[in-house]
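First the structure, in the form of structure tokens, and then the observations on it.
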Amino acid sequence: MADPMTQSSQISSSQGLNDGHSASSKDSKFSDSFFSSPVSLIQSPQVNDLVHWRDPKKSGVVFGVSLLLLLSLAAFSMISVVSYLLLALLCVTISFRIYKSVIQAVQKSNEGHPFKALMEKDVTVPPETFRKHVDTCLTHVNRVLKQMSRLFLVEDLVDSLKLAVVMWLMTYVGAVFNGITILILADILLFSVPPIYEKNKTQIDRYIDIARTQVNTTFAKLQEKLPASMKRCKAE
């Protein structure tokens with residue numbers, strides 16, 4: 001019978017090799033994530049419920065406010081939009097404060113400040129929460145930097161060519177739309193595509209698989225036509 005410690009070390013080493021192999025395969029499979037469905041990017045349960053209109057009232061408010069804000073930014077400068085929003089908020093709070101003061105004076109009541117309950121709430125950000133979000137952002141930034149490094153330094157020629165094609169297509173998009181217009185379209189698509197996808201998931205997935213197969217086949221043929229020296233570099 002084998003020593004339990006030996007078996008444990010063998011299992012650990014095999015798991016480590018499998019983990020390393022899966023991690024390297026994830027890094028190399030850029031095409032799978034590059035052409036993945038946009039719906040898969042919605043990972044947060046709150047965002048998922050919003051864009052799928054689980055609560056129509058809440059989703060409608062978020063969609064309306066976000067669309068109105070983007071349309072305002074398209075018509076006015078950001079400074080003007082922010083100033084008008086803060087001015088509107090101040091008008092509401094000041095008017096409500098004056099109204100409650102008049103009511104208290106007429107009724108001779110001592111209810112106190114109308115926003116007292118809100119003022120007593122702790123609005124400070126705990127250091128632990130701040131550090132947690134900073135660490136999360138740092139993880140994403142490092143991941144993006146790693147991907148940009150391997151793409152722009154042409155670690156994989158096919159992946160770099162994919163990025164070049166996308167950037168070339170984006171030049172035509174940028175010639176037709178500006179940044180705010182793209183954000184407006186993205187906001188509309190974000191709240192309209194998920195419900196449509198959910199109702200027609202089977203048909204859409206079939207067409208997505210067909211498109212992904214065609215793209216992968218095209219790039220596979222392109223990769224076969226690469227010079228032997230480039231293939232050796234990629235293998236290394």
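So which GluC sites (Glu not before Pro) in region 120-217 end up in coil per DSSP with only 16 or fewer other C-beta atoms within 10 Å?
Filter output for region 120-217: GLU120, GLU155.
Roll a 1.4 Å probe over the protein chains and send me the accessible area per residue for region 74-119 in Å².
In whole numbers, region 74-119 has 86 Å² accessible per residue.
So which trypsin sites (Lys or Arg not before Pro) in region 74-168 pass both tests, a DSSP loop state and at most 15 other Cβ atoms within 10 Å of the Cβ?
Sparse-neighbourhood loop trypsin sites (Lys or Arg not before Pro): LYS108, LYS121.
Rounded to the nearest 0.05, what FRET efficiency do THR202 and GLN223 have when you use their Cβ-Cβ distance and R0 = 41 Å?
The pair THR202/GLN223 has a calculated efficiency of 0.85.
Give me a comma-separated list of calculated 3J(HN,Hα) values for region 180-192, in order, Karplus coefficients 6.51, -1.76, 1.60 applied at θ = phi - 60°, integers in Hz, x for any Gly or Pro.
Result, rounded to whole Hz: 5, 4, 5, 5, 5, 4, 5, 5, 5, 5, 4, 9, 10.
Debye sum, Cα scatterers, region 84-226, no solvent: what log₁₀ I/I(0) at q = 0.13 1/Å?
Relative scattering, expressed as log10 I(q)/I(0), comes to -1.01.
Keeping all protein chains in position, work out how much accessible area VAL158 exposes to a 1.4 Å probe, and write it in Å² to the nearest 10.
VAL158 exposes around 10 Å² with every protein chain in place.
I'd like the distance between the alpha-carbon centres of region 70-98 and region 112-157, rounded to an integer number of Å.
After rounding, the separation between the Cα centres reads 26 Å.
Can you work out the Karplus-derived ³J(HN,Hα) for every residue in region 88-96? Use 6.51 cos²θ - 1.76 cosθ + 1.60 with θ = phi - 60°, whole Hz, and x for glycine or proline.
5, 5, 5, 4, 5, 5, 5, 5, 5
The values are calculated or read from the model by the stated rules, or taken from the named source; none is laboratory data. Bear in mind the structure is a predicted one, so any value in this text is a computation, not a measurement. Here the Cβ is made from the backbone with ideal geometry for all residues, glycine too, and neighbour counts use every protein chain on show. Side chains are part of the model used for accessible areas, which takes the heavy atoms of the whole protein and leaves out ligands, DNA and RNA. Shrake-Rupley method; radii C 1.70, N 1.55, O 1.52, S 1.80 Å.
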